[in-house]
Amino acid sequence: MQGVAHQLLSGIATGGIYASMALALVMIYQTTHHVNFAQGEMATFSAYIAYTLISAGVPYWLAFITTILVSFFLGAVIERLIMRPMAGKPALASVGAFIGLLLLFNSLSGWIWGYEIKAFPTPFDGSPPFLAGVVSGHELGSFCISFAMLLLVYLFFRRTTLGLALRAAAHNPLSSRLVGIRVQRMFALGWGLAAALGAVAAMLIAPVVFLDPNMMGGVMLYAFAGALLGGINSPFGAVLGGYAVGIMENLAGAYLVGTELKLTLALAIIICVLIIKPSGLLGRAITTRV
Amino acid sequence: MPPLLETKDLRAGYGDLWVLHGVDLAVRPGGFTTLLGANGAGKTTMLRAICGMVRTSGEIVFAGERIDGRATEEIVRRGMAHVPDGRGTFLELTVEENLRLGAYTRRDRGVRPDIARMLEYFPKLQPRLRQQAGTLSGGEQQMLALARALLLRPVLLLLDEPSFGLAPLITREIFQIIGSINKRENVTVLVVEQNANLALSIADHAYLLETGRIVMEAPAAEIRRNEAIRRSYLGY
């Protein structure tokens, strides 16, 4: 019984990381209508920034906050320099840009920091004060951080005028301009937020999977499965989907298919969703008038 | 008094194609001006041109300042509200969120009382505040669009065919509300309309647009009285 509880809780812990990445994917999807393939590599790059800061002797939490701010800025700059010229261009242009960014960030990480695997520190060493033996300190800590962050993002979108304007700009840019919303700034803000979400996710997963330029490959696949499962155009759905995939991955890995086939599970989820309910559990089907 | 809005030799169009071929138009402050014309005359393009939503050449002066070539959101921030073709409703958001977005540029404390006042103008919206705007009927959506536009506290209100897709009875109600907003809220109105009879009964000045050119300009009452003009240009 304790084994099942352990698998469940550690599934929720990694689920929070998938949920964060899934939310980042959905946020970009809502403004560009494409999946940002580079989301994972951008997050890895952020983790390397944190690694550099911590190696230089910066205290963990200061490095953590600094990395979030730098990643936010980087995301906004990418929107400004690369995505803005794509507006009004054919769909393939954005897809090309995303693939370009993926290769760029992957190579940049490898070029600056090398391809050998590095250990990444966690501030949650040892066993937690409660639930010891069922969850590790890092699992509990990373669950709390990702959950708090998702809650903050939710409150930002639901309770603040800026969050409302961001949603409006994503849904309907033209009408947003007519109520005076500076739409391009909102898009930059959205990219910044997505990059910041990714940075946190990467810093939380790095102590588990170890730091290397391809670290987020598997995570992205699970996050994508979660986003699709919940609904690629539903932020709330994507978060739920991310948690669900985390739990399924852990339980199936322990009792059903074994660790080797866990990643296949993500692909199986993606295929099943696309066949049975392409709009996901909470998403809306999009119909286009032709 | 100088006009609130003035265009000089305004051309506007899409891609390589000009739709407006040099339009001179002036809107008197406080007035209710209507721009009439058949389908495809360029009425919608005219409103889009004023708001910087299409390519233009020529001059547009609003409240004493050139606004041509500026970004739509910056023009809106100077006090110009525009209910566009298709009403511009945020269909996925709730009615209340739509109203809050109308007041997005305002930082004053009057927003809440203003929303309450809009609900007095449009009592049908009150029970629907938490509902998705996409679920409203056409008439309700038009009311929401008007309320949203007014929450900007605009100096000038541009309306693109408020009658579109609505039953005649509702259309009349909407126009009466627009008329009373014009007087009570001191908002200058420029409305584009196909239903010439209705627009002329409420407007005080009218322009007639034909294939991208102004063919006539006169006080609304005069056009209503002149049967020859009505017959040849307005078809009623």
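Please treat every number below as a calculation from the coordinates, not as lab data. Just so it is clear, the structure is predicted and the values come from calculations on it, not from any experiment. Don't worry about glycine lacking a Cβ; one is built from the backbone with ideal geometry, like all the others, and counts go over all protein chains shown.
Details
- Debye log10 I(q)/I(0) at q = 0.17 Å⁻¹ for region B:21-143, Cα point scatterers: -1.06
- Residue among A:PHE147, A:PHE124, A:PHE105 with the largest mean-square fluctuation in a Gaussian network model of chain A, springs linking Cα atoms under 10 Å: A:PHE124
- Top of A:ALA170, A:ALA47, A:ALA268 by mean-square fluctuation, Gaussian network on chain A, Cα under 10 Å: A:ALA268
- Considering only A:LEU256, A:VAL200, A:LEU166, and ranking their Cα positions along the charge dipole of chain A that arises from unit charges at the beta-carbon of Lys, Arg, Asp and Glu, the one farthest toward the positive end is A:LEU166.
- Over 29 Å between alpha carbons, listed pairs B:LYS43/B:LYS183; A:LYS89/A:LYS262; B:LYS124/B:LYS183; B:LYS8/B:LYS124: A:LYS89/A:LYS262; B:LYS8/B:LYS124
- Charged side chains reduced to their Cβ positions (Lys and Arg at +1, Asp and Glu at -1) give the protein assembly as shown a dipole of some 1080 debye around its Cα centre.
- Our note on the geometry: Cα centres of region B:1-80 and region A:230-290, 49 Å apart.
- Dipole of the protein assembly as shown, positive direction: furthest Cα of B:ALA133, A:LEU62, A:THR52, with charges on the beta-carbon: B:ALA133
- Neighbour-limited loop hits for GluC sites (Glu not before Pro), region A:77-143 (at most 12 other Cβ within 10 Å; DSSP other than H, G, I, E, B): A:GLU116
- Note on the protein assembly as shown: helix-only mean residue ellipticity at 222 nm, from DSSP H runs of 4+ residues weighted -39500 (n - 2.57) and normalised by residue number, equals -17500 deg cm²/dmol.
- Note on B:86-94: average number of Cβ atoms from other chains within 10 Å of each residue's Cβ is 4.
- Kirkwood hydrodynamic radius of region A:1-74, from the reciprocal of the average inverse Cα-Cα distance over all distinct pairs: 14.3 Å.
- Cα gyration tensor shape of region B:124-183, rounded if a/c is under 1.5, else prolate or oblate by comparing a/b with b/c: oblate
- Inter-centroid distance (Cα atoms) of region B:109-144 relative to region A:168-207, Å: 28
- Mean projected area (nm²) of the alpha-carbon convex hull when region A:11-170 is viewed from all directions: 11.3
- Region B:107-184: trypsin sites (Lys or Arg not before Pro) in DSSP coil with no more than 11 other Cβ atoms inside 10 Å: B:ARG107, B:ARG109, B:ARG130
- Over chain B, the alpha carbon radius of gyration divided by the compact-protein estimate 2.2 N^0.38 Å works out to 0.98.
- Choice from B:PRO162, B:PRO154, B:PRO123 with maximal GNM fluctuation in chain B (Cα, 10 Å cutoff): B:PRO123
- Convex hull of Cα atoms in the protein assembly as shown, direction-averaged projection (nm²): 28.9
- Amide H contacts of B:THR56 (H built 1.01 Å from N, under 5 Å, at least 5 apart or other chain): none
- Placing +1 on each Lys and Arg Cβ and -1 on each Asp and Glu Cβ, with no other charges, gives chain A a dipole about its Cα centre of roughly 1300 debye.
- Tensor-based shape of region A:135-223 (alpha-carbon gyration tensor, a/c under 1.5 rounded, otherwise prolate or oblate): prolate
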